[in-house]
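Report on the structure given below.
The values are calculated or read from the model by the stated rules, or taken from the named source; none is laboratory data. This is a predicted model, so every value here is computed, not measured. All Cβ positions, even for glycine, are placed from backbone atoms using ideal geometry, and neighbour counts span all protein chains on display.
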Amino acid sequence: MPARAIRIRRVVFALTFVTAAISWQPSWGKEPALQRWPNGTPTPSLALRDPDGREWKLQDLRGKVIVLNFWASWCAPCVDEIPLLNELAGDSSLAGKVAVLGVNFKESASTIQRFSHEHQFGYPILLDKSGDAFKKWTSGVLPTTVLIDRNGRARWRTVGELERTDSSLKGAIEKLLNEQGQRRPK
């Protein structure tokens, strides 16, 4: 086989490898849209630790609507939506009924603690050190926010930055809170 053909094959192989390697990395979304959780897709389990080592499990939060936000400190849209998530977490009308959880994508506890000094969180931050939760819960885009009903079923998902002017997230939370036949929060 001519040397030129071998070089071309090597370049094609290298480009294919690089493309595959890049494709599993998260990107950040630009246009959020509240969407129903994909039909037929079961709700993944979630058990992660916070930077202090406390374990958080979704099953322990049954009876509450969960706002599960996947983010990273290097993701500008993720950082931009922290104030809105803080508002939700601190809303006294939702106290005891809604829990906001931030799931950090593959950063260390020390990185999160340093980041927390600049950006105050009014909700728990969980560490997804391996990225496995991110893979199970998202379509590979940061930020992604998932709404989980009081029975622990994923119901809605927003891919991309949450906007203060978009009332669909709060509307969906209210609908989940008003559904009949649900266990009441503790």
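Would you mind finding the one in 88, 126, 142 that is in contact with a Gly (Cβ under 9 Å, 6 or more places away or on another chain), surrounded by 13 or more Cβ atoms within 10 Å (Cβ to Cβ) and within 18 Å of residue 45 (Cβ to Cβ)?
Details: 88 fails: within 18 Å of residue 45 (Cβ to Cβ); 142 fails: within 18 Å of residue 45 (Cβ to Cβ).
The match here is 126.
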Inset, instruction - Report, by residue number, each residue of the stretch 72-97 that is touching a residue at least 24 places away in the same chain (Cβ under 8 Å) and of a type in the set (Gly, Ala, Ser). - result: 72, 73, 76, 89, 90, 96
Inset, instruction - Using the structure shown, decide if residue 110 is surrounded by fewer than 19 Cβ atoms within 10 Å (Cβ to Cβ), among the small types (Gly, Ala, Ser) and in a loop (DSSP other than H, G, I, E, B). - result: no
Inset, instruction - Test residue 100 against the stated conditions and say whether it is of a type in the set (A, V, I, L, M, F, W, C) and in contact with a helix residue (DSSP H, G or I) (Cβ under 9 Å, 6 or more places away or on another chain). - result: yes
Legend entry - Any hit, the stretch 152-164, residues being within 11 Å of the chain's Cα centre (by Cα), over 16 Å from residue 54 (Cα atoms) and free of Cβ contacts under 8 Å to residues at least 40 places away in the same chain: no
Inset, instruction - State which residue pairs qualify: first residue over 14 Å from residue 68 (Cα atoms) and in contact (Cβ under 8 Å) with a residue 40 or more places away in the chain and inside the stretch 122-140, second residue part of a loop (DSSP other than H, G, I, E, B) and among the hydrophobic types (A, V, I, L, M, F, W, C) in any location, beta carbons under 8 Å apart, and separation of 6 or more residues or different chains. - result: 140/24
Inset, instruction - Could you list, in sequence order, all residues of the stretch 43-65 that are buried (at least 21 other Cβ atoms within 10 Å of the Cβ) and either without any contact (Cβ under 8 Å) to a residue 12 or more places away in the chain or touching a Gly at 6+ places or on another chain (Cβ under 8 Å) (or both)? - result: 64
Legend entry - Selection count, the stretch 30-86, where residues are at pLDDT 95 or above and in a strand (DSSP E or B): 13
Inset, instruction - State which residue is farthest from residue 74 (Cα to Cα) when the search covers only the stretch 130-145 and only residues that are in a strand (DSSP E or B) and in contact with a Phe, Trp or Tyr (Cβ under 6 Å, 6 or more places away or on another chain). - result: 144
